[in-house]
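Asker: To start, I am sharing the structure in question, which I have written as structure tokens.
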Amino acid sequence: MEQFNVYAARLVTKKEYFTPGHRACQGCAEALAVRMVAKALGKNVVVASATGCMEIVSSPLPFTNWAVPWIHVAFENAAAVASGAEAGTKALVRKGKLPDKGTVFLGMGGDGATTDIGLQALSGAWERGHDFVYVCYDNEAYMNTGIQRSSSTPFGASTTTSPAGKVTPGQVTWKKNMAAIAIAHNIPYVATACSSYPLDLIQKVKKAASIKGPAYVHVLSVCPTGWRLPTEKAIWIGRLAVETGVFPLYEYENGKYRMTYDVPELRPVIDYLKPQGRFRHLTPELIQSIQERVTEEYNKLKAKTAL
Amino acid sequence: MGERVGIEVSLAAAEAVKMANVDVIAAYPITPQTHIVEHLSELVADGELDAEFIPVESEHSAMSVCCGSSAVGARTFTCTSSQGLALMNEIVFIAASLRLPIVMILANRSMSGPLSIWNDHTDVMSIRDCGWIQVFTENGQEVFDHVMFAFRVAESASVSLPIIINLDGFVLTHVIEPIEFWDDETVKKYLPDFKPVNQLHPDNPVTMGAFGLPSIFTEAKKAQNEALIQAKPEILKAWKEMGDLVGRHYQPVETYHAEGSETVFLTMGSFGETVSVAVDELRNQGKSVGQIKLRLWRPFPFDEFREAVRGIKRIIVLDRAVSFGGPGGPVASEIRSVLYQEENMPTITNFLCGFAGRDVTAQDYIAMYEQAEQMAQGRVRQEDYIIYGVRE
Ligand SMILES: Cc1ncc(C[n+]2csc(CCOP(=O)(O)OP(=O)(O)O)c2C)c(N)n1
Ligand code: SF4
Ligand SMILES: [Mg+2]
């Protein structure tokens, strides 16, 4: 945040590359995140999108909300498609068939597309070292198909395939740490972000684009529909995710971790869980175990940033 | 005219891809396709071919990378076999609907299980309706020629569709044959630079792969079907011009002693050459036998096929895949439906043979002919297909 002061919002371009008129639900903070990422990257970009909410809401044939070149092929292959676009352009530039415009290649997908079904394709593209940015819009479930759990769904959340039942309390596994998986690939830049902090998000995406080689930005994207939350609470709950330590904002650059939004004293996780219908059924004991886990993970991350 | 060299067919195919000055190759190894990608990666490593060789982590990603690179306007090639094709299946269909002119060599191999690396046509028959142009080749020369043909047809503005070149695994991929290479000048004359109809580029933003509501999906599919059907004039033109340039004249349906014959064998791919030997032998015995080879599988060459079988009493269709529980092999089913409305429809006798590399000799074809003759005494029903050569 240090590069922005209170008036910084004025520095953000008024131009829209993910244009108004898309069909996302009211209050969708995933659409907001996509819009901010599109602003950050400007028009010199080629976008490869996975199947999911953001693809469906923005491309009903014969309409499009994309003012930049955009392709959707399938659910699990956005990283592979982006790497193909990058490689193809690289070859054409090298062979003198296209001028070098320094175009940015963006792969984008939801948490399902990224942490589950598309993980292999993404891992392959990272390992091959393509010069591209991948943004995961993490709304913590398969929203497009009706709020089914993913490996990014947090412990305790009730979804349509991890319902809170008489025996099990919703999702029984802990959220997959996708940013850590990205870091384990030794790529030059990894960051977490949230559309409740738009300037931080924009700055990270710009940095990701400027870096040579693969860069990954994992964006917590509040989905009022799936989280069972009033639509006007989307931005507020994203802030609570950060302030409770549930979703810390940090970046990893050339082997160094850095907290980008330091929370001097974390708020209790119950502040974050309480307003959301997906956690409504949680008992005090379960909330306590979530609290313990969050504190532990947060401290581990803090320790890394101190190195 | 180029030089004639003795070379393994896979290597010749890779050399042809190099001569076509491909920009991106994305592929994953699988027997019997491996020699093609290995040789291409060597050519890139030695600086003989200026291309991006993308060693993807799966065939699914191979086809996905191909979509991305073709969409930015790069000349794009991949090749695979059986399980690899099955894994990329989802994207194979999408590549056609996106109208991306990717060229793929399919080194035909049986589909698991049981696991087998050997040759038949179960892989390609599994994607019959994928929307790609699909051709079959019979020998190494045809493979070489059809690499040039494929890029030219796929990328031509009036077509803009992907193409599969089928060649039989091992039987073709791993044999050394005398092949006449094209010289650079001939390639230049025949194959223009790729000028994509649509291209992902910031100067002119386009959206590719939008989703279709029911109100528009039917129209999109009709348009796609028409695009494939209307590719045929360009296909014929490309073969005609190749004939003029290199003296080899390819046709959608090719015949061997078919005219005036009572019975013809119908073949696709490398079995054609052995069947020709059997036809010669049977004709020496005074039998009225010929052969029809189907080179163009999609778009199906209806006119040429009906013309070729005019006056013929029986077609012995050789299938190299099973349609489990269905009306015979996939090729026989198609042929029956193509001819169903014809007056004097010939009898179709369907032999399923040559699965997973099982050798079928000229003697076997002669035996099939004799069996078909005997069957002609009774009525042949659709479900009376014969899986040939089963060991009892
Ligand atoms: C191979 C395949 N499997 C399943 C689907 C169905 N599908 C489409 S989108 C989707 C979920 C998307 O979830 P996510 O990636 O988290 O994006 P979101 O919609 O939540 O933004 C699923 C399961 C598909 N299109 N393709
Ligand atoms: S379901 Fe959620 S992510 Fe999808 S459009 Fe609606 S609010 Fe956005
Ligand atoms: Mg999701």
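Asker: For B:K293, which lysines qualify as cross-link partners when the Cα separation must be under 21 Å and same-chain residues fewer than eight apart are set aside?
Answerer: Answer for B:K293, where 21 Å is the Cα cut-off: B:K232, B:K237, B:K240, B:K313, listed by chain and number.
Asker: So for each of B:50-60, B:205-215, A:188-198, B:220-230 I average, over its residues, the number of other beta carbons within 10 Å; can you give me the resulting order with the highest mean first?
Answerer: Sorting B:50-60, B:205-215, A:188-198, B:220-230 by mean packing, highest first, produces A:188-198, B:50-60, B:205-215, B:220-230.
Asker: Moving to a separate point now. Mind checking the angle between helix A:29-41 and chain A's longest principal axis? C-alpha axes, 0 to 90 degrees, to the nearest 10.
Answerer: Orientation of helix A:29-41: about 30 degrees from the principal axis.
Asker: List the pair-distance distribution P(r) of segment A:59-107, using every Cα-Cα distance, as the percent of pairs falling in each 10 Å bin from 0 up to the bin containing the longest distance, rounded to whole percents.
Answerer: 23, 44, 29, 5
Asker: In square nanometres, what is one fourth of the surface area of the convex hull spanned by the alpha carbons of segment A:199-307?
Answerer: Over all viewing directions, segment A:199-307 projects a mean Cα-hull area of 7.8 nm².
Asker: So, R0 is 51 Å and r is the distance between the beta-carbons of B:E281 and A:N44; what FRET efficiency does that work out to, to 0.05?
Answerer: 0.15
Asker: Would you mind telling me which residue in B:R152, B:R248, B:R320 has the biggest mean-square fluctuation in a Gaussian network model of chain B, where springs connect alpha carbons within a distance under 10 angstrom?
Answerer: So, out of B:R152, B:R248, B:R320, the one fluctuating most is B:R248.
Asker: Hey, how much of the P(r) for chain A falls beyond 32 Å, as a percent of Cα pairs?
Answerer: 23 percent
Asker: Would you work out which of A:L273, A:S152, A:L98 lies farthest towards the positive end of the dipole of chain A? Charges go on Cβ: Lys and Arg +1, Asp and Glu -1.
Answerer: Looking along the dipole axis, the top candidate is A:L98.
Asker: Picking from A:L41, A:G110, A:L286, whose Cα lies most toward the positive end of the charge dipole for chain A (charges on Cβ: Lys, Arg +1; Asp, Glu -1)?
Answerer: Of the listed residues, the answer is A:L41.
Asker: Select from B:F302, B:F170, B:F181 the residue whose mean-square fluctuation is largest in a Gaussian network model of chain B (Cα-Cα springs shorter than 10 Å).
Answerer: In the Gaussian network model the winner is B:F302.
Asker: Here is a further query. Would you order A:W236, B:W239 from fewest to most other beta-carbon atoms within 10 Å of each residue's own beta-carbon?
Answerer: A:W236, B:W239
Asker: Got a sec? Charge dipole of the protein assembly as shown, +1 on Cβ for Lys and Arg, -1 for Asp and Glu; which of A:Y137, A:Y216, A:A78 is way out at the positive end?
Answerer: A:Y137
Asker: Any idea what the relative contact order of segment B:253-387 is, in percent, if you count C-alpha pairs under 8 Å spaced at least 6 apart?
Answerer: Value for segment B:253-387: 26 percent.
Asker: Be a star and scan segment A:49-85 for residues whose amide nitrogen sits under 12 Å from the point 7 Å along the Cα-to-Cβ vector of A:Q148.
Answerer: Backbone N within reach: none found.
Asker: Rank A:T161, A:T283, A:T173 by mean-square fluctuation in a GNM of chain A with C-alpha springs under 10 angstrom and give only the top-ranked residue.
Answerer: A:T283
Asker: For the protein assembly as shown, report the translational diffusion coefficient in µm²/s to the nearest whole number, using Stokes-Einstein at 25 °C, 0.890 mPa s, and a Kirkwood Rh over Cα pairs.
Answerer: Rounded to a whole number, D works out at 89 µm²/s.
Asker: Over 34 Å apart: what share of the alpha carbon pairs of segment B:4-246 falls there, rounded to a whole percent?
Answerer: Distances greater than 34 Å cover 11 percent of the Cα pairs.
Asker: Oh, and also: Ranked by Cβ crowding within 10 angstrom, fewest neighbours first, how are A:F132, B:F217, A:F18 ordered?
Answerer: Final ranking by Cβ density, sparse to dense: B:F217, A:F18, A:F132.
Asker: Let me ask another. With everything on Cα atoms, drop me the angle between helix B:140-155 and the longest principal axis of chain B, reported from 0 to 90° to the nearest 10.
Answerer: 50 degrees
Asker: Just how large is the dipole of chain A about the Cα centre, in debye to the nearest 20, putting +1 at every Lys and Arg Cβ and -1 at every Asp and Glu Cβ?
Answerer: With Lys and Arg at +1 and Asp and Glu at -1, about 640 debye.
Asker: On a 0 to 90 degree scale, rounded to 10, what angle separates helix A:78-94 from the longest Cα axis of chain A?
Answerer: 20 degrees
Asker: Continuing with the same structure: Between B:K240 and A:K14, with labels modelled 7 Å along Cα→Cβ, what's the label distance in nm to one decimal, could you check?
Answerer: 5.9 nm
Asker: Still on this structure, I have one more. Under a no-solvent Debye model with one identical scatterer per Cα of segment B:253-387, what's log10 I(q)/I(0) at q = 0.09, 0.15, 0.17, 0.22 Å⁻¹?
Answerer: -0.22, -0.66, -0.87, -1.60
Asker: At a Förster radius of 35 Å, what calculated FRET efficiency corresponds to the Cβ-Cβ distance of A:H281 and A:L307, to the nearest 0.05?
Answerer: Efficiency computed from Cβ-Cβ geometry: 0.35.
Asker: While we're looking at this one, here's another question. Kirkwood Rh and Cα-based Rg: tell me the resulting Rg over Rh for segment B:159-288, rounded to two decimals.
Answerer: Result for segment B:159-288 is an Rg/Rh of 1.08.
No value in this document is a laboratory result; all are computed from the given coordinates. In this text, all values refer to a predicted model and were calculated from it rather than measured experimentally. As a convention, Cβ positions derive from the backbone with ideal geometry for all residues, glycine included, and neighbour counts pool all protein chains shown.
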